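Comments concern the structure below.
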Amino acid sequence: MPVITFKKKYLYSLLGSGIDDKKLNEQVIKMGFEVESLNEDEVLLEITPNRLDLIDAVGFARSMKNFMHKSKKFSYSIDNPETAVEITVDSSVKKIRPYISGLAAFGVKLTEDSMLNLINFSEKFCETYGRGRKKIAIGMHNLDKMKTQLVYKCDRDMDFVPLGETAPMKYSKVLESNDKGKKYSNLITNGKSCYYPSLSDSEGAIAFIPILNSERTKLTEDTRNMFVDITGTSEYAVNKVADLLAATFFDMGADVRRVKIKYPNKTIDLPELEKRYININLAKAETQIGVDIGFNNVISLANKMGYEAALIGNIIRFRVPEYRLDVIGEQDVIEDIAIGYGYDYINPLSMFYSQQGGVEGQTILNRRAAEAMIGMGFSETASSYLTNEEYNFDKARLRRDRSAITMKNPKTETVTIMRTWILPSLFKSLGMSAHESMPQRIFEVDMAFSVKEGMPAESYRIGAVSIDPKSNFNEAKSYVEGFLDAIGIEHSISSYEHKSFIDGRCAEIRVNGKHIGFFGEIHPEVLKNFGIEEPGIAFEMDLSFK
Amino acid sequence: MHKYELLILKSVRGAGKQELSRLMESVGLGKDETLWALENLKKQGFVEIEYVDSKYFALSDEGRRYAENGLPEERLAKKLGEHKIMVSELKSDDERIGMQWLKARGLIEIKNGAIKLVDAGDDAGSKLIKEGALLKEILSGNYTGNEDSLSDFIKRKLVAVRNIHYIKSVAITEAGENALGGKHAEMTDAIDRNIISSESWKNKEFKTYDVNVPIEKSVPAMRHPLKRIIEHIKDAYTSMGFQEISGPAVESSFWNFDSLFVPQDHPARDMQDTFYISNPEKIAVKEIEYMNRIKKAHRNAWHTAWKEDIASQMVLRAHTTSVSARYVYDIMNAISKGAYYDFPIRLFSVGRVFRNEAIDYKHLADLYQMDGLIIGKNLTMSNLFDTLKRIYDSMGIKINFKPSYFPFVEPGAEFYAQLPGSDSAIELGGAGMLREEITGMKRNRLSALAWGAGIERILLVKDTSIKSLPELYNNNMGWLRKRRLI
């Protein structure tokens, strides 16, 4: 879940009078988020990843004020048909970063706080929803320092003065020496080719996309008129983000104007701010939530959640706020109604219980096995399914084979495969218990994994180990036979070779002539490999329920 | 009772009052051990000890020699007898010392260098003999006389006087008798088959044990705390009419992510968080028709390309909700082919889930999760809340709900437990109503409630002796032996 940081003074000034720490905390939880921490200067909020409109303090304050019925701000539209900026999209960007949108905002009164909020917002937004700028990157410019005719294209390796620099630099140099250049260079390389997407006016680049803006158009506290570019790999996403940003600039008191985007095959004016409606059947919503809301209340609940709503017959028409990218359909609106109503007021309602419940056959078999083993004095363990070749094979004197489920991207060498059998897990636990008193008897009934004919195979197995200075083969046999008799499995025993056991002190278990497991005296080298200091015996067998 | 104490107590009971030296002899213990055990017995009130304040006379080396060989004056007097001996003929220091003492007591006279006994009568001779005998008595420890009789010897430094406080005798008390199981009875100690069949115990009393004596405890073999809580959870579900289900841990991305509406470019699918498998690397999705529906739903909702290749990548499941997803599909598929179900259907699963973590003492890469699923008509969020409250109630945990977001449910909720005696709450799991895009249930007028929750966290709330998650999977013998059946 994204955690966002707001300047407390700024946030509280946006929220208006009557807000304090306690109230903020209460309301935030009711809205479905959490105050992670709160101090004199800052508020850290954990929001859910669907509500990216809340990463912005302005957007957050808007939703919270609606939620507290302190304002009714539902929809945004641009009446002026004139576009303020024109961007020509060259076909060269198609193979690397094909889409662009934008907006212009006039009369923005930037302050230190509001400027910081805009910068933090776009950074965080591009990291999360923008997938590290791959899907979305945002650039903000001082409109008065640029021309209004722009070209978006893949450029040659040109000079421009990047943000924070005084001298011109080539794009390739930016990728080499600038922190942002290094961090995002992978976004403009495709195989061996590197592209330099840029947004330029007649004086040169105003942005090296999606890396860095120019020093020329940077924002300052004196900036009054702004231009914002949004680029990315999804046309839907870049257009929607323009809507979202438009709402923010409107709330900051700016006059938002459209930008004309001229693709090779079409021309569109953005932000679109398209009106979108979702019809809700109140009875259905009430059934899903499990409460009675009533027509009288539902409009007010809609407003609380930022929707404009109207009753049309017995259907309620919800207008989806332009900044909400997450509202896909009916169920999303019903959720918002539930949140508006308050989860605390949804009373648990008992269901009718008529059917018989039950556990799987495997669970019953596992329970029997555990009961028998505990009866013989073995304590149960629970181990990780994840291991590596060293523990699963080498230490147990087995040859490594390709039968293990293998991880593609492990973070450490301790976890590279899934265990193919149980005993190494038990040996490992006993090796860490060498200083505890003897005898030590443990067992585990759980899963082991392998690859069979290219498909993953998962099965339940039982493994048991007894470490005891008086261990011998006959003791192992007595446990095995006692166990199998107790759970009612007819079996036969014959001699067997297994590298983890001493030759001539090892046997296999067969059921209906089929090999299901083995037991014997553990090989001294295996004991030593795992750090076990006393002799011991062990058995392992398949315990899949059939 | 310590075995030395028991030995001594038994010996004292047999002998009545017993002197220390006898006691030591009869139990065969050294003095230190005996005194230590007696001190303990006295503290417990099992014996009464009689002390004596007395003087003890010890011989000096010279005194010891005289006790063994006789006093020098005694020996010289014997040698003189009726004879005279010249002073110059005296051979040893002893004889010269004897001469001085005989002279001091006026028993000899010396004339012209010749020594001769004077006639002082028999008394004088027998007195000398008696005096010599005193030393012998002291040597043998049989001296019973007083200090005055030895005043000369003390002056001559043949004997030293020491004041001592010693144990005169030891006697058993009533409590001591009781500790041994009664006064006069013949005792039955260990029971054997003969005692049972002959009923010989009837004429005796049973030897009793001191119930306060610390002993080494037995350690019962037990189920692992995690497995115990899982059994409890399974019982809680089945008692409410839920049927257990299970599914693969090594799963395709399709069932783990796509069928649960996680966008293909979602950060949760990153290599950073999810274990991807290289063997087997990809397995094609078999449920083609369903896959195409999911593909369409993704495109409509997320406006991104949806690739079958990404869906076929094998992963270790990140949640057991993949099991629920498979059953939703199976059931809806069966219904479309005419199968009949008695609604609501209630299902649950318990299994491991995996996070691509670097494992250390704080982090685990696999943990247990439980998932629940209810499919039925007119299901409500309030039914969901009720079901979850009942399950956690059965484990003594009170839960609360708040709104939350998961791609596959809408409305979505999160539930958490208030930690006892604390302001903080611990997040237990997520829940909600499955999206129609996933279930396709609308046309059957059905909906589905689903939830998933970690199991280790329940254990942490319930059993405060468990401090961290990784210790649950270490299986250290000492740790296993200290578990309680909470």
Restricting segment B:353-389 to residues that are under 22 Å from residue A:358 (Cβ atoms), under 37 Å from the mean Cα position of the chain (by Cα) and of a type outside the set (S, T, N, Q), which is nearest to the other protein chains (Cβ to nearest Cβ)? B:368
Going by what's in this entry, would residue A:146 be described as more than 29 Å from residue A:52 (Cα to Cα), among the aliphatic types (A, V, I, L, M), in contact (Cβ under 8 Å) with a residue 40 or more places away in the chain and surrounded by 14 or more Cβ atoms within 10 Å (Cβ to Cβ)? yes
Residue among A:238, A:174, A:259, A:228 that alone is hydrophobic (A, V, I, L, M, F, W, C) and within 14 Å of chain B (Cβ to nearest Cβ): A:238
Looking at segment A:360-393, which of the residues that are of a type in the set (A, V, I, L, M, F, W, C) and facing chain B (nearest Cβ under 7 Å) is surrounded by the most Cβ atoms within 10 Å (Cβ to Cβ)? A:386
In segment B:232-262, residue surrounded by the fewest Cβ atoms within 10 Å (Cβ to Cβ) [restricted to those that are at the interface with chain A (Cβ under 7 Å from one of its Cβ atoms) and assigned to a helix (DSSP H, G or I)]: B:239
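Each row is one residue, and each column tells you yes or no for (1) at pLDDT 95 or above; (2) touching a Pro at 6+ places or on another chain (Cβ under 9 Å); (3) among the β-branched types (Val, Ile, Thr); (4) part of a strand (DSSP E or B).
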residue: A:377; (1), (2), (3), (4): yes, yes, no, no
residue: A:390; (1), (2), (3), (4): yes, no, no, no
residue: A:402; (1), (2), (3), (4): no, no, no, no
residue: A:409; (1), (2), (3), (4): no, no, no, no
residue: A:420; (1), (2), (3), (4): yes, no, yes, no
residue: A:426; (1), (2), (3), (4): yes, no, no, no
residue: A:435; (1), (2), (3), (4): no, no, no, no
Please go through (1) surrounded by 15 or more Cβ atoms within 10 Å (Cβ to Cβ); (2) outside the structural domain of residue B:388 (by TED's automatic domain parsing); (3) part of a helix (DSSP H, G or I); (4) not acidic (Asp, Glu) for residue B:285 and return the number of the only condition it doesn't satisfy. (3)
Those residues of segment B:10-42 that are in a helix (DSSP H, G or I) and closer than 15 Å to residue B:167 by Cβ come to a total of 23
Specify the residue that is farthest from residue B:117 (Cα to Cα); the eligible residues are those in segment B:59-98 that are in contact (Cβ under 8 Å) with a residue 60 or more places away in the chain and touching a Lys or Arg at 6+ places or on another chain (Cβ under 6 Å). B:60
Criterion: within 12 Å of another protein chain (Cβ to nearest Cβ), under 30 Å from residue A:335 (Cα atoms) and surrounded by fewer than 22 Cβ atoms within 10 Å (Cβ to Cβ) - qualifying residue of B:415, B:406, B:401: B:401
Considering residues of segment B:331-352 that are surrounded by fewer than 22 Cβ atoms within 10 Å (Cβ to Cβ) and basic (Lys, Arg) only, the residue nearest to the other protein chains (Cβ to nearest Cβ): B:352
In this structure, does residue A:84 turn out to be more than 14 Å from chain B (Cβ to nearest Cβ), surrounded by 21 or more Cβ atoms within 10 Å (Cβ to Cβ), over 24 Å from residue B:268 (Cα atoms) and not aromatic (Phe, Trp, Tyr)? no
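It is to be established whether one or more residues within segment A:467-476 are in contact with a strand residue (DSSP E or B) (Cβ under 7 Å, 6 or more places away or on another chain), surrounded by 21 or more Cβ atoms within 10 Å (Cβ to Cβ) and among the hydroxyl-bearing types (Ser, Thr, Tyr).
Kept after step one, since they are in contact with a strand residue (DSSP E or B) (Cβ under 7 Å, 6 or more places away or on another chain), are these residues of segment A:467-476: A:467-468, A:471-473, A:475-476.
In the following step, the residues that additionally are surrounded by 21 or more Cβ atoms within 10 Å (Cβ to Cβ) were identified as A:467, A:476.
Adding the requirement that they be among the hydroxyl-bearing types (Ser, Thr, Tyr) leaves none.
No; the residues of segment A:467-476 include none that is in contact with a strand residue (DSSP E or B) (Cβ under 7 Å, 6 or more places away or on another chain), surrounded by 21 or more Cβ atoms within 10 Å (Cβ to Cβ) and among the hydroxyl-bearing types (Ser, Thr, Tyr).
Would a scan of segment A:324-337 turn up a residue that is more than 7 Å from chain B (Cβ to nearest Cβ), surrounded by fewer than 16 Cβ atoms within 10 Å (Cβ to Cβ), in contact with a Phe, Trp or Tyr (Cβ under 8 Å, 6 or more places away or on another chain) and assigned to a helix (DSSP H, G or I)?
no
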Near pairs, Cβ below 9 angstrom, 6+ apart or cross-chain, from segment A:66-79 (touching a residue at least 12 places away in the same chain (Cβ under 8 Å) and under 14 Å from residue A:249 (Cα atoms)) to any residue that is surrounded by 15 or more Cβ atoms within 10 Å (Cβ to Cβ) and hydroxyl-bearing (Ser, Thr, Tyr): A:76/A:323
Taking the conditions exactly as written (in contact with a Ser or Thr (Cβ under 9 Å, 6 or more places away or on another chain), surrounded by fewer than 20 Cβ atoms within 10 Å (Cβ to Cβ), of a type in the set (Phe, Trp, Tyr) and more than 14 Å from chain B (Cβ to nearest Cβ)), does residue A:195 satisfy them or not? yes
Among the residues of segment A:122-139, write down those that are farther than 14 Å from residue A:198 by Cα, away from chain B (no Cβ under 14 Å) and crowded, with 22+ Cβ neighbours inside 10 Å. A:122
Considering residues of segment A:160-185 that are hydrophobic (A, V, I, L, M, F, W, C) and part of a helix (DSSP H, G or I) only, the residue surrounded by the most Cβ atoms within 10 Å (Cβ to Cβ): A:175
Taking helices (runs of 4 or more DSSP H) that do not extend beyond segment B:308-408, which have at least 1 residues that are modelled with pLDDT of 95 or more and either among the hydroxyl-bearing types (Ser, Thr, Tyr) or touching a Gly at 6+ places or on another chain (Cβ under 6 Å) (or both)? B:321-336, B:381-393
Just one of the numbered conditions (1) more than 9 Å from chain B (Cβ to nearest Cβ); (2) surrounded by fewer than 18 Cβ atoms within 10 Å (Cβ to Cβ); (3) in a loop (DSSP other than H, G, I, E, B); (4) at negative phi is not true of residue A:396; which one? (2)
The residue that is farthest from residue B:260 (Cα to Cα), considering only those in segment B:428-486 that are in a helix (DSSP H, G or I) and more than 12 Å from every other protein chain (Cβ to nearest Cβ), is B:462
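Tell me the residue from B:71, B:76 that is of a type outside the set (D, E, K, R) and at pLDDT 85 or above, please. Reasoning before the result, please.
Working: B:76 fails: at pLDDT 85 or above.
Just a single option satisfies the conditions, and that option is B:71.
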Does residue B:265 fit the bill of being of a type in the set (D, E, K, R), assigned to a loop (DSSP other than H, G, I, E, B), within 13 Å of another protein chain (Cβ to nearest Cβ) and surrounded by fewer than 19 Cβ atoms within 10 Å (Cβ to Cβ)? yes
Please state which one of B:191, B:97 is surrounded by 15 or more Cβ atoms within 10 Å (Cβ to Cβ), of a type in the set (Val, Ile, Thr) and out of contact with any Ser or Thr (no Cβ under 9 Å at 6 or more places or on another chain). B:97
Here the qualifying pairs (Cβ atoms under 7 Å; residues six or more apart or on different chains; first in segment A:4-15 and within 18 Å of residue A:36 (Cβ to Cβ); second β-branched (Val, Ile, Thr)) come out as A:4/A:47; A:4/A:55; A:6/A:43; A:8/A:43; A:11/A:43; A:12/A:19
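The values are calculated or read from the model by the stated rules, or taken from the named source; none is laboratory data. Model, not experiment: these values are computed from the prediction. Glycine also receives a Cβ, built like all others from the backbone with ideal geometry; neighbour counts cover every protein chain displayed.
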